[in-house]
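*Asks:* Sharing a structure here in structure tokens format.
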Ligand code: 3EB
């Protein structure tokens, strides 16, 4: 861990399977395992266990550390913790014939928990969907079913365009739909969109009954970090370079470069433009295992040598997307 991460609130540190030094410093954790579990706090902190590796021997845990005093709890299947500044929550909906209502309910439970503890700004969410490109009992793609439920929750919670979180929505290898998020109490924040892309919340109807509710990135004033959403090879609202993983990977990196670049930030009233070399805690989702080596090579060229990168082989929300990349663009030194 660098000195910078050690002194900053709620920065994630990708650690090996048994790398949680002390439960008392953990706000929340996401374990990428060979088998999913319901959200739990067996280790003394909230943990979301997502089925995202094939072999449990490759499991590892992403940990959000805090130096604050942590309070923890659970309600209706949602586990949570907060430290006075940040709130972590993890929820889950079991494998079902349809997800709309259950996702709306689970999201609202988690959002209510955050708000009732004073954390009104959900700034980063991860969603893991088993059979993401499969269909529910009514023939609607499970990703679109999920988007519908999430939109209903956001409507009921009164979340508008400017309040949407940065997000990731990718496939998992089992276990219904799992999600977790981070919210802040006092931190001022700003949503950042990308002029190369139509805002996801304005995607046309052809992509599903309700568009995905997320911002391309969120900036937090306390740390100055930019939380970059899962980013893919989409220009305008269309997938570009279908069937070409190398081009899709470069296009996704170009989208990230643009969203965190000086020009785009200036349009949002922010200074401190960044580049992909400022990214940390990067996660890369690759649809085909056979494409992994190529994606690794392209990402290694674009990212800083000391950037921790986790690669997963899993499905992505549009069947023609082959790769999705997320990370945190740190405040330039
Ligand atoms: C895209 O740009 C790619 O539904 O929460 C990326 C990040 C994507 C988050 C989500 C979807 C989500 O539309 C897909």
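*Asks:* Please work out which one of (1) under 19 Å from residue 168 (Cβ atoms); (2) within 16 Å of the ligand (Cβ to nearest atom) is the condition residue 302 fails and give its number.
*Replies:* The failed condition is (2).
Yes/no matrix, rows are residues, columns are (1) within 17 Å of residue 152 (Cβ to Cβ); (2) in a strand (DSSP E or B); (3) touching a residue at least 60 places away in the same chain (Cβ under 8 Å):
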| position | (1), (2), (3) |
| --- | --- |
| 63 | no, yes, no |
| 79 | no, yes, no |
| 84 | no, no, yes |
| 87 | no, yes, yes |
| 92 | no, yes, yes |
| 104 | yes, no, no |
| 108 | yes, no, no |
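*Asks:* Which of the residues belonging to the range 194-209 are crowded, with 17+ Cβ neighbours inside 10 Å, touching a residue at least 40 places away in the same chain (Cβ under 8 Å) and in a loop (DSSP other than H, G, I, E, B)?
*Replies:* 194, 208
*Asks:* Restricting to the range 160-170, what's the tally of residues that are within 11 Å of the ligand (Cβ to nearest atom) and over 19 Å from residue 254 (Cα atoms)? Walk me through it before giving the result.
*Replies:* Within the range 160-170, the first condition is being within 11 Å of the ligand (Cβ to nearest atom), and the residues that meet it are 164-170.
Next cut, over 19 Å from residue 254 (Cα atoms) only: 164-165, 169-170.
Residues meeting the conditions: 4.
*Asks:* Give the residue that is farthest from residue 254 (Cα to Cα), with candidates limited to residues of the range 305-333 that are within 12 Å of the ligand (Cβ to nearest atom) and in a strand (DSSP E or B).
*Replies:* Taking the candidates together, the pick is 316.
*Asks:* How do the pairs read when you match residues in the range 117-140 that are more than 20 Å from residue 207 (Cβ to Cβ) and in contact (Cβ under 8 Å) with a residue 12 or more places away in the chain with residues anywhere that are within 13 Å of the ligand (Cβ to nearest atom) and in a loop (DSSP other than H, G, I, E, B), using Cβ under 8 Å and keeping only pairs 6 or more apart or on different chains?
*Replies:* If the second residue must be within 13 Å of the ligand (Cβ to nearest atom) and in a loop (DSSP other than H, G, I, E, B), the pairs left are 122/165; 123/165; 124/165.
Table: residues versus (1) within 14 Å of the ligand (Cβ to nearest atom); (2) within 18 Å of residue 151 (Cα to Cα).
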residue: 181; (1), (2): yes, yes
residue: 190; (1), (2): no, no
residue: 199; (1), (2): yes, yes
residue: 205; (1), (2): no, yes
residue: 211; (1), (2): yes, yes
residue: 215; (1), (2): yes, yes
residue: 218; (1), (2): yes, no
residue: 222; (1), (2): no, no
residue: 226; (1), (2): no, no
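Each reported figure results from applying straightforward, stated rules to the coordinates on display, with no laboratory input. The structure presented is a predicted model; accordingly, all values stated were derived computationally and were not measured. Neighbour counts are summed over all protein chains in view; Cβ atoms, including those assigned to glycine, are modelled from backbone coordinates with ideal geometry.
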